[in-house]
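Heads up, the thing below is written out as structure tokens.
The values are calculated or read from the model by the stated rules, or taken from the named source; none is laboratory data. Model, not experiment: these values are computed from the prediction. Every residue, glycine as well, gets a Cβ built from its backbone with ideal geometry; the counts of neighbours run over all protein chains shown.
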Amino acid sequence: MFANVLRRGRAKLRACEDLHVPEAAVQVRPARDEDRLPMADVFAAVAEERDGIATEPPVDVEARAASWTLDGTFVALVGTEILGSVHVDVSRHGFGEIGMAVSREWRGRGVGSALMVAAIEWAREHGLHKLSLSVWPHNAAAIALYRKYGFVEEGRRLKQIRRQTGELWDVVDMGLLL
């Protein structure tokens, strides 16, 4: 059984390596007004998955696009296609709360890393002393990404989020001192 799991894991790793986008191909830049709708489309698609972010469908894409705060928001692109975004919501207490969404087909290809670098650099440039985020405990890929950039687990909020099914999900709080 272990051999089968190991073979499947190697196959997934090879597939992921085959799909990896060279860093030069992924561009990250501050979000612009014209990015609102594509960012909202990515957000809605991630919400449809029901296991990456707290928001669940239906998402009013136009309302989401109109409400987006662009200051502290970055988009990752290949060409003109928006692959994902990250936002740093600045608290009046000197820390920032991170929210990120990356299209499913672009995960594991360096997009999340590029967005994290942009968010951390922006936070440091704006004098924040810390970045915080919450993540589902089952989202191992996201937790690994955050740890890669120095985030540490600071706690777990039990049964914090009520899902549309009525289930109560825990969240893991992570932080990075800048």
Please count how many residues of segment 52-92 are more than 17 Å from the chain's Cα centre (by Cα), polar (S, T, N, Q) and not in a loop (DSSP other than H, G, I, E, B).
1
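Results for (1) modelled with pLDDT under 95; (2) within 19 Å of Glu49 (Cβ to Cβ); (3) basic (Lys, Arg), shown as yes or no for each residue.
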| residue | (1), (2), (3) |
| --- | --- |
| Asp71 | no, no, no |
| Leu83 | no, yes, no |
| Ala114 | no, no, no |
| Lys159 | no, no, yes |
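Yes/no matrix, rows are residues, columns are (1) touching a residue at least 60 places away in the same chain (Cβ under 8 Å); (2) over 19 Å from Phe43 (Cα atoms); (3) in contact with a Cys (Cβ under 8 Å, 6 or more places away or on another chain):
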{"residue": "Ile98", "(1), (2), (3)": "no, no, no"}
{"residue": "Arg109", "(1), (2), (3)": "yes, no, yes"}
{"residue": "Gly112", "(1), (2), (3)": "no, no, no"}
{"residue": "Glu125", "(1), (2), (3)": "no, yes, no"}
Over segment 127-159, the set of residues in a strand (DSSP E or B) and either without any contact (Cβ under 8 Å) to a residue 12 or more places away in the chain or aliphatic (A, V, I, L, M) (or both) is Leu131, Leu133, Val135, Val152, Leu158, Lys159
Would you check if Arg163 is in contact with a helix residue (DSSP H, G or I) (Cβ under 8 Å, 6 or more places away or on another chain), among the charged types (D, E, K, R) and under 19 Å from Arg50 (Cα atoms)?
no
Out of all the residues in segment 42-53, is one or more among the small types (Gly, Ala, Ser) and at positive phi?
no
Subset of segment 93-126, residues outside any loop (DSSP other than H, G, I, E, B), surrounded by fewer than 20 Cβ atoms within 10 Å (Cβ to Cβ) and in contact with a His (Cβ under 8 Å, 6 or more places away or on another chain), comes to Phe95, Gly99
